Amino acid sequence: MNNKEKLMVFIDGSNLYHILKEMYGQSKTLINFNFEKFIELIADKGKNIRTYYYTAPLDRKKDEKTYSKQQKFFQKIKNIQNFKLVLCRMQKETIGGKTIYVVKEDDIHLAVDLVKLAYNDGYDTAILVSSDGDFVPAIKAVQEKGKKVRNIGFKNKFSWHLRQECDSFRQLNKEDLDKCFN
């Protein structure tokens with residue numbers, strides 16, 4: 001990768017959150033995660049044009065303390081240069097008498113942005129940080145436009161189908177991610 005190649009990073013926020021939670025438990029949180037270091041790690045020497053981070057706000061009524069922490073996290077990442085927070089929606093569902101919350105629309109927003117920005121020549125290479133194989137159709141559309149897609153997966157979780165379709169794959173482990181915490 002050369003430093004004239006235009007890069008855009010697309011982060012499946014919910015996916016990243018759950019991977020970090022599985023790796024670190026409660027010992028490290030996203031508020032301590034340094035996205036600048038993370039982007040530097042995964043972008044090599046390409047010129048990062050912008051990073052998109054897709055997630056949803058928590059239900060304030062359910063847990064005010066956790067909601068407040070998430071809002072602080074949102075404010076932190078909004079202050080990062082060339083970093084765009086894309087808020088989707090959280091849907092409350094009842095399954096077997098238990099109420100759960102599910103992030104909705106994040107994958108479709110990410111896929112649409114991935115394709116739209118490729119067709120608008122916003123980047124040469126997209127770096128997709130996700131372990132979700134549902135992005136394969138969007139990746140194929142981007143590649144038809146002559147763009148490249150690199151997938152960042154994780155030692156504890158990655159999608160075989162995503163790995164096969166992307167132009168390249170990089171698997172990060174805990175030691176790589178340790179460098180991205182303040």
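Since every read-out is calculated from the coordinates, none of them should be taken as a lab result. Owing to the predicted nature of the structure, the values given are computational and were not obtained by experimental measurement. Cβ sites come from the backbone with ideal geometry, for glycine too, and all protein chains shown count toward neighbours.
List the pairs whose first member sits in the range 100-129 and is more than 25 Å from H18 (Cβ to Cβ), whose second member is assigned to a loop (DSSP other than H, G, I, E, B) and of a type in the set (S, T, Y), and whose Cβ atoms are under 9 Å apart, counting only residues at least 6 apart or on separate chains?
Matching pairs, first to second residue: L117/Y123.
Name every residue in the range 7-43 that is within 20 Å of S168 (Cα to Cα), part of a strand (DSSP E or B) and either touching a Pro at 6+ places or on another chain (Cβ under 7 Å) or not charged (D, E, K, R) (or both), in order of residue number.
If the condition is that a residue be within 20 Å of S168 (Cα to Cα), part of a strand (DSSP E or B) and either touching a Pro at 6+ places or on another chain (Cβ under 7 Å) or not charged (D, E, K, R) (or both), then L7, M8, V9, F10, I11 are the ones that fit.
Of all residues being under 26 Å from I39 (Cα atoms) and touching a Pro at 6+ places or on another chain (Cβ under 7 Å) in the range 58-109, which is surrounded by the most Cβ atoms within 10 Å (Cβ to Cβ)? Just the residue, please.
This residue is Q70.
Does the range 53-74 hold any residues that are outside any helix (DSSP H, G or I) and out of contact with any helix residue (DSSP H, G or I) (no Cβ under 8 Å at 6 or more places or on another chain), and which are they?
K61, K62, D63
Check whether at least one residue in the range 150-166 is without any contact (Cβ under 8 Å) to a residue 60 or more places away in the chain and β-branched (V, I, T), and report yes or no.
No, because not a single residue in the range 150-166 is without any contact (Cβ under 8 Å) to a residue 60 or more places away in the chain and β-branched (V, I, T).
Find the residue count for the range 110-136, including only residues that are surrounded by fewer than 19 Cβ atoms within 10 Å (Cβ to Cβ), of a type in the set (G, A, S) and either over 17 Å from the mean Cα position of the chain (by Cα) or in a loop (DSSP other than H, G, I, E, B) (or both).
The number of residues fulfilling the criteria is 1.
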